[in-house]
Structure formats: structure tokens, C-alpha cells
Amino acid sequence: MNFSEVFKQSNQLCKVSPDGKYLATCVQYRLVVRDFNSLQIAHLYTCLDPVMHMEWSSDSLFILCAMYKRGLVQVWSLEQPDWHCKIDEGSIGLVSSRWSPDGRHVLNTTEFNLRVTVWSLCTKAVSYIKYPKACQKGVDFTADGRYMALAERRECKDYISVFVCDDWHLLRHFESETQDLAGLEWSPNCCVLAVWDNCLEYKLLLYSLDGRLLSSYSAYEWSLGIKSVAWSPSSQFLAVGSYDEKVRILNHITWKKITEFEHPATIINTKAVVFKEVEKRPVVGSEDLSIHQLTVDNSLFSTQSKYEITQLPAQVPVIKPDPDRANPKIGISALAFSADNRFLATKNDNMPQSLWVWDMQRLSLLAVLEQTAPVRCFVWDPRRPRLALCTGNTKVYLWSPAGCVSVNVPVEGSFQVLSLFWHCSGSSLVLLSKEHICLCYVEAGASCGHT
Amino acid sequence: MSPSRQNLHHSLHSTMALPKTSYSVLSAFCTEENISQCIAYINQEVCSLGLTGVSLESKSGSLSAVPVLNLLYEVLQLQRRAQRALHELETQQLKNGSDLEHLQHSNCRLKDQLEHTRRDNSGLHEGERQLQLKIKTLQNWLKSEKEEVQKLQSIISSRATQYNHDTKRKERECTKLKERLNQLLMDKRDKKLSIEISNHVGRSDGKRGLWKTGKMEARHEGEMYKALLSDYETRQRSLMMENSELKKVLQHMKKDMITILSPKKPEPANDSLEQAVSECEEEIGDPSRETLEQSCEQAREQLTNSIRLQWRKLKSHMERLDSQASLVASQEREGEEMMSRKEHEEEMQRMRMELQQCKEFIHMQQQLLQQQLSSPCDEETAALLNDCYTLEEKERLKEEWRLFNEQKRNFERERKNFTEAAIRLGHERKAFEEDRAAWLKTQFLNMTPFVDRKRSALSDSALSVGTEPEAKLQSTPPLVTKSLFSTPKAASVKMPSTADLYRTLHLIPDSRGHGKCQSGEMSTKSRLRNCSTDCSVLSFVRDENSPI
């Protein structure tokens, strides 16, 4: 694995273009676009304020930079660097800004979620959508970019509006049977909309594209409910993670639960492999403590680590959450399916240092990765069944069915990996620290045997 | 004296019991003759009892009455005393008996009472135990209820915190709104929302925007339904495929089950199995129907029902086999007979089938033979028929003869050409050799110590004229030129034989195995024309010298 040099960024704003050719980073109020392969600066733009949000358009021709404090959105073109576009929301303020799937409309959510303004870059026309709901995930576009679902709240009731993204025509508007809608997500085949209630009630509703209620699922009552939801890439499964530390898998034919995955504190399943990260402290002899060594060789301070396979039954470290706080740190907060639909990675908040990988063909636990620090971010390779994760230290961890490996980021000074994402080809990883980014080139067919 | 003593005892006893007969008994004891003996005896007895004896006055020979009366009186006293004692003893005994009885009764009563109390005790124990159990269950229930209450309380508390959190958030938002509203009301300059764009951007799909009309709406609806339908169709297709695969599997299973069940020859008494076999055979005809009506509910039900039926039959069959096996275990000889009979029957079945097959085969062959023999009605047709069988072969043979002749002619031609070519080769080679010799001579004369191997070889060969051992030639094939100087020998004008020719042209593999089979006439010519120090040429040269 090779690592590139380090570049500056601010606000964790670093995105790769959808076609994979460019890498855009924001450094305060500057937008730097680099060619991905050579990492040479291709374009440089200057915005009016420190950028809070940056997004590529779907055709990789435009970049949107939103500055929430001033209520401004600036759009830059890659083809014509001197083309400019500035959208000013005026006194109404700006809370979030995003592209439409066709890359020609900008959707701005105003402050207090008063409305969603749709700006067209083709016609300079403006449309308004009233009463959008401020929730965990109130807007979702279908994968083919044809429809948009928006959650609305009027008169203490939840509604869902389905728009055609072509001309923002309101296709369907129906009431949702939720008490307090927390999020909605389209299935990857664009025909089913999953809608879930907030954590006070466990309710998952499935609506068809034309607004009919297909099914409703509720696992239990009264206790805190759904924490996270994920569709499998083939739309066959819907994984629901809840506060009771379980993931329930629903199937797309009957919309009933086919299995539930538990996250117990003691793992006794003999088919699972438990990888435990073990840090090796470098032994420092007295003659090594020369100034020269300390300055040049920073491996003194960075500890190497490797994975060891723990014998079963294994204990998973549990941190009991504070019962008096709202949104307690317990339950499945993150779910991700691999691109080939065969694996599911889950993270249980009261076992924050462990990451669980499940085999979807056998519907059983495949591996548990126990890290030395809480897992911050994990992403699947968009092409292969390979998982990359980071825990906020200087290492990147990769898991694949062949094994897992921990790699130290060989950067001078310490590079604390706070988040990461894959390039769309799956051949490289972009690692983000607080102020910097670093690229990590991974061999395509690399089989990671555990070191 | 002892018998009379015993008699006395007996008589005394009987005296107590029956005083009336005493006189007669006493008279038996004492008579006129044995008075003194009797007196002595009585004295003895009396002394043993502790009384004074009576003396015998010998003068008169008669007993004085006073001591006898005293003795009698004492004996009577004694007897009275004894009787009293006896009486007392009897009363004592009666008392004891009644006491004993009383005690026994009380014992029985007490035993009964004990039994009764024991039973009561056990009953009480049982009751106590049940009460203990009840206590335990009640305690458990109480515990679970407490736990549930706790859980509900925790749920309530978490919900309460969540609600509080939410309300606080909403309140904060509300205050922010209020502030903003105030700010807006007070703020005079109102920044209008606007967009500044240097030029319009074309649509991503390149098409022009369309007006919003009813047709557009209908189109959107149509597209949406189309998307939904296509999704349903793909799903239905995949489900149908899965369904058909599963059906195939089920049918295979059914067939397997039928084959498992049917070869067993059932005992004549077992009609159900025969029925089953016949039913199976009927159902074999069904699959063809079933494949046609794949989505038909009836066919599906039929298939699953038939599978279930087969499975049940298989199960019952297996059970029967199991029971038979157990029977076998218990009744050895009979079991053996049964097993052997079964095997025997299977064998018989197999043999019968083989027999049938063989018969059919023979029959078929016979038919064919009959046809063969019987069909030709007259000689001519028979001859014709016979002919026509071999016609094809004759034609083939003719063709092959033709080809053979053609090839022979070609070979003759080629041979002629080869001989001519060889002659020409010989001439040219001669010339070539002469040239070469001249060249080599010049080379040798210009020789320096740092020539390469080739040149040294050449020089070596130049020195060693006429001595070329075959082995050396073999070891350094391409660059050997030793044979070159022996050209004068080969420059004879004699015609080389065909075999030699062929060998030299590598058409016949020689002893050294230089297999260059297809060096045709033209190629050798061209090589010689080029006069290159090609290995083939050299080897050619070499080879020609070999038979010499």
C-alpha cells in the first residue's frame, strides 16, 4: 500500500468527483480541485466565506459551495473556470444545500426549515416547497435520480411528498402513518420507500412509489426503537438497527423479519472469527534516544499494531450508557452492506470499539473486529467485499474475508485518521484527519492476510 | 421305691383334684404287711418337707395316733397353705392375664393412634410443602413483577428524558425564531433572495425544458407506473424461475421416491403397495401435464400432494422395513429365509427382465435375418441387391485407385525432376566448392591470431585436409566446414543414386536423424544460388561425403 503526500483541508470537506477523475478539497474559503491520479492542482476557486458544505454535481461538471453563515451558495464550473454563480438566500438564512440528481438544480433549506427553495441553473427559476420536516433524514432522491421524497409536517401530522425531479412536479402527496417521522430512504431499485418513526416508537412503514402502504413493521413497543436503517444494494433486504442492540433483517417479498442479529457481550458462535487489535510497544534502548533519532524517526511514538485471533468464547468490552441522558449511546447506530450484497457491517454503540461483520448468505456472524479505540468510521469498497475503518489513531484498518490488516499511515508528525472514504474505483482510500487529507493506494486484488 | 413315689405324687395330685377316690388310692399304698416301710417312707417324705417324723412303736406294731394326727394335721396345714398359695397364684395369674389383655388392648389402641398421628403428620408435611411451593412461586412472581415494574419505570424515564430533550430543542428553536422575527421586524434593509449567474447552463440531458401541462402530468404518472410495473415484472420473473427450479427439484425427488418404492416386489397380501406402484405409474404421466400448466394452482397442489403421499408411503415402507429387520433379529432362521427369499425374488425379477430383453433381441435379429433371406424373389434382383451393398465400396475403391495412380505419376515426375536437380546441384556445387576453396585459401593466408572460432575452424580444416572424423562433424554441426576441402572427391560427375539423393535432400531420415523432410527441389536450388554458409548446405555437403 502506498500513501500520497498530505494536503490541507478544513471542515472535513474533501470529495471525489462522481466520475473519479478529480478530488476537491476546501481550505477555509478556497476550493482546490486536483486531478486524482497526479494530484496536481487543476483548478482553484475562491469563495466569499469559509465553506461549510461542498458537493459535486452528478455529472462532475459543477461544484457547489455553501456558506451557511452568510446564506450564500456559490457554484463553480470545471469546464469554464470563469463561469460563476451565486445564490443568495437573503435574510431567510440557509441551513443546508444540496444538488438535485440532474446536476442542474440546487435545493436550499432555509433556516428553521421554513421552506425548501429549488433554484434552477438552466432557467434561473425558483420553486418553493413548504413545510419541510426537520428530521434525521427528511429528503431522499431515488438512485436513478427521477424522484425525490420529502417529509413534511403540517398541523402535527406527517406527510410525504414525491416529486418528479425533471420538472419538480408533485407526483404524490400522502399522509404517513408515523407519529413523528425520523427518516425516509428509497430502495436501490427505486420502487419502495422505507419510512421510520423516531426512537420513541418502533415503527417502520413501507410505501410503494405510488403512495400505497405496502407493509408496516414493529418489533416491540414502548422501549426505544429504530436507530438506523439500511437497504441492501439489491433491494432484497432491509436492515433495521434498534436501541435493543439487535439488527432485524426484513425481506422484500413479504416485508417480514427473516432473522435478527444479536450483539451479545460474550461471543460463543464458533463459526465467527474475533480479531483483536494488539498494540506492540516498540522497545526503546537507551542509545536510541538521541535527538537525531527522535526527530527523524517518528516510529518511536507511533506504536505498531497487529491483529490476533482470540479464542472463543470471547468477551466484547461493553460501556454502559448513562441512563439519564437522551439519545443514549446504546444500540445499532451504523449499518452498511457491502457492494456485492454478501456482507453487513454493524456497530453497536455500547460496544464502541467493536465492529461486527455478518455473512448475509448464511445469515450468521462472520467476524468481530475489536479495536483499541472506538470505531469512528467504516466504509465498504464500492467494488469488492473489503471494509476500511478508522478509530481516530494513526492507522487504517482493512478487513476482507481473507483476513484483516492494520496499516500505519507513514506521515511525518502524527496523522490522526478521523474519517475515510473510498474512491469509486475501489483502488484508493482518502483519509481525513482534522486538517489534512492523505490518499492511500490499495492494490486491487490484495488479499489481506492478518499480520 | 421311685415308682411308688411317683404314684404317690400322682395320687396326691389326684387327691387334690378328686378327694373321693382318695381312700381307694391310699388303700393301694399301705397294706398290713408294709406298714413299717410305709411309715419309713412317710417319715422320709415328711422329713424332706421339714416336719417331724412319726416314730414307730415296735411293741404293739401299731402307730400311735397322736403323732400321726399331728403329722396329718401338719400335712393338712401344709396342704392348706399350698392351696392358699395356689389360689393366690391363680388370682395373681388371672390378674396378670387381665392386665396383659388390658395392656394389649391399650397397645393396639396406641398403635392405631400412632398410625393415625403419623398419617396426620405426613399430611401436614405435604400441606406445608405445598404451601412452601406456593410461597416460592409467589415470590418469583413478585420478583418478576418487580422487574417488570422496574423496566417500565426505566422505559418511562428514558421516554421522559427523550421528551424533555425534544421539548427543550423545540423551545430553543422557538426562541431562535422569535429572536429572528424580532430582528427581521426591526431590521429595515431586507436582503432579497436572488441568484446571480453568469450564463444559463444547458440541461444535463441536452433536451429543452417542457411546459407543465396535463399531458406532462399524465406522462409522469405513466412513467411512474411503468417503473413500478417493470420492477414487479423482474421480481415476478425471478420468483418464477426460483419456483420452477424448486418444482424441478420436487419432481426429481418424487421420481426418486417412486423408483425407491416400486422395485420392491410386494407380497401378494400387500395390496396397498401394488396400488401405490400403479398410482405412481399413473402419476408419472402427470409431470408432462404439470410442466405445461406451471402457474396453475391445481397443478401445484397436485404436485405437493403427490410428494406428500410418496413421502408418507416411503415412511411407512421404511417403518415396515425396520420392523422386518427387528423381526429378523429376533427370529434368526426365519429371518434368513425371508431375506433370502426377498433376494431370491429380486434376482428372479432381474433375470426375468434380462430374459425378456434377450428374447426381444433375438426376435429382432431373427426378423432381420428373415428379411434378408426372404426378400429376394428372383436371381436378378438378388444379384442386384447384393451388388448394391458393395456398390459404395466399389466406388470408393475406384476412387482410391485413381488417386493412387495419380500419385504414382506425380512421384515419377518428381523423381525425374529430383535427379535432374541433383545433377545440376552437383555441377553447381563443384563450382561453389572451387570458389570456396579459393576463398578459404586467401583467408588462411590472411590469418591473424585473433580470429573467431569459425575462422579458426576454417583454418583448422584448411590444415587438415582429407581427415575429417565423423564424430567431430557431429559435435559441431552448424559451423563445421572441414568437409569442404574434400570437395574434389565429391566433384565426380557420377550420378548419385536416388537413395543418396533423397538422403542428401533429407527426404529420408538418415542415421544421424537430421530430419529435414520437405526440402523441396526449389528451396535447395535457391540456397545454392545464394551460396550462403547455411548449415543446411554444409550438412548437405557433409552428408554427401558420408557414404563415400
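Every number in this text was worked out from the coordinates using simple rules, so none of it is lab data. If you're wondering where the values come from, they're calculated on a predicted model, not measured in any experiment. Every residue, glycine among them, receives a Cβ derived from its backbone with ideal geometry; neighbour counts consider all protein chains shown.
Among the trypsin sites (Lys or Arg not before Pro) within the range A:310-401, those in coil by DSSP and having at most 13 neighbouring Cβ atoms inside 10 Å are A:Arg325, A:Arg362. Cα-Cα over 31 Å: which of A:Lys347/B:Lys136; A:Lys306/B:Lys151; A:Lys157/A:Lys329; B:Lys247/B:Lys315; A:Lys130/B:Lys226? Going by Cα-Cα distance, A:Lys347/B:Lys136; A:Lys306/B:Lys151 fall outside the 31 Å limit.
Per-residue Karplus couplings for the range A:353-359, computed as 6.51 cos²θ - 1.76 cosθ + 1.60 with θ equal to phi - 60°, are listed in order as 8, 10, 10, 10, 10, 10, 8 Hz, Gly and Pro entered as x. Between A:Asp322 and A:Asn2, full extension at 0.36 nm per residue minus the direct alpha carbon distance yields a gain of 111.0 nm.
Computed from the C-beta positions of B:Glu420 and B:Cys388 and an R0 of 35 Å, the FRET efficiency is 0.10 to the nearest 0.05.
Here the gap between B:Arg109 and B:Ile35, fully extended at 0.36 nm per residue and compared with their Cα-Cα distance, gives a gain of 20.2 nm.
Across chain A, C-alpha contacts under 8 Å between residues 6 or more apart give a mean separation that, scaled by the residue count, equals a relative contact order of 10 percent.
Computed on the range B:25-191, with alpha-carbon pairs under 8 angstrom and 6+ residues apart, the relative contact order is 7 percent. Gain on full extension, evaluated as 0.36 nm per residue between B:His125 and B:Ser157 minus their Cα-Cα distance, stands at 6.8 nm. Of the GluC sites (Glu not before Pro) found in the range A:412-443, the ones in coil according to DSSP and having at most 11 other Cβ atoms within 10 Å of their Cβ are A:Glu412, A:Glu443. Using the Karplus relation 6.51 cos²θ - 1.76 cosθ + 1.60 with θ = phi - 60°, the per-residue 3J(HN,Hα) values for the range A:223-233 come to 6, 4, x, 6, 10, 8, 9, 8, 8, 7, x Hz, with x marking Gly and Pro. Given R0 = 22 Å, the distance between the Cβ atoms of B:Asp166 and A:Gln12 translates into a calculated FRET efficiency of 0.20.
With a Förster radius of 30 Å applied to the beta-carbon distance between B:Ile307 and A:Thr270, the computed FRET efficiency rounds to 0.30.
Over the range B:25-191, the hull volume per residue, using the convex hull of the C-alpha atoms, is 212 Å³.
Residues in the range B:392-403 carry Karplus couplings, in order, of 4, 5, 4, 4, 4, 4, 4, 4, 5, 4, 4, 4 Hz; the curve used is 6.51 cos²θ - 1.76 cosθ + 1.60 with θ = phi - 60°, and Gly or Pro positions show x.
Rounded to two decimals, the Cα-based Rg/Rh of chain A, with Kirkwood Rh, is 0.98. Take each residue of peptide A:62-75, count the partner chain Cβ atoms within 10 Å of its Cβ, and average: the result is 1.
Averaged over the residues of peptide B:219-232, the number of Cβ atoms from other protein chains lying within 10 Å of each residue's Cβ is 5.
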